[in-house]
C-alpha cells in the first residue's frame, strides 16, 4: 500500500484549506507590519478608520471585522496610544464615539499597505493574475456577499 502525505485527507476539506491559507497570510502580513508596530487586526482597524472620512464607530468596526466589541476597544486603545487614530464624538449620536485616523495614521497606512501588499503577493506567486482575481472574488462573495472589482 502506497504511503500518502499526512495532509492528503484534508485536501478536500474547504474549511481546513481556508484556515491554513488564512494562517499563512496572517503570518506573512504580521511580519510585514512589525516595523509599524501593527498586527493584522490593528492594521484592519486603521484601514477602516482611514477609509471613513468622518470616522467609524467601534460598533461598526466590530461588525465589519467579526470581532467582539471588547476586542475592538483594545485595538482602538492601542492605535490611540500610538497616535494613529483618535476618538471623537459623533455629531449625530451623542452616545457614539467615532474612530478617526490621524495624519500620522494615514502616513503609516500608506507605508504599511505597500508592505502588506508585497507580503500577500509573495504568498500568491503560484497564481496567475486571473486566478488571483478569482480567488479575491470568491472570498469576497463568501465573506461579504459581494464580488471583487474587475481587474484593471
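Going from the fewest other Cβ atoms within 10 Å to the most, the residues 131, 78 appear in the order 131, 78. For the range 55-105, taking Cα atoms only, Rg and Dmax work out to 10.5, 27 Å respectively. Counting beta carbons within 10 Å around each of 125, 130, 80, 102 and listing the fewest first gives the order 125, 130, 80, 102.
Taken as Cα centroids, the range 27-48 and the range 61-111 sit 14 Å apart, rounded to the nearest whole angstrom.
With only the Cα atoms considered, the range 65-142 has a convex hull volume of 149 Å³ per residue.
Average projection, convex hull of the Cα set of the chain: 11.8 square nanometres. From least to most packed, judged by other beta carbons within 10 angstrom and beginning with the fewest, 100, 14, 108 follow the order 14, 100, 108. Shape call for the range 6-51 from the C-alpha gyration tensor, a ≥ b ≥ c root eigenvalues: rounded (a/c under 1.5), prolate (a/b greater than b/c) or oblate? In terms of gyration-tensor shape, oblate. Against the main long axis of the alpha-carbon atoms of the chain, helix 14-33 sits at an angle near 50°. Solvent-free Debye calculation, one equal scatterer per alpha-carbon of the range 101-149: log10 I(q)/I(0) at 0.20, 0.24, 0.25 Å⁻¹ equals -0.81, -0.89, -0.90.
Every number here is computed from the coordinates shown, using simple stated rules; none is lab data. What you see is a predicted model; the values in this text were computed from it and never measured. Ideal geometry is used to build each Cβ from the backbone, glycine not excepted, and the neighbour counts take in all protein chains shown.
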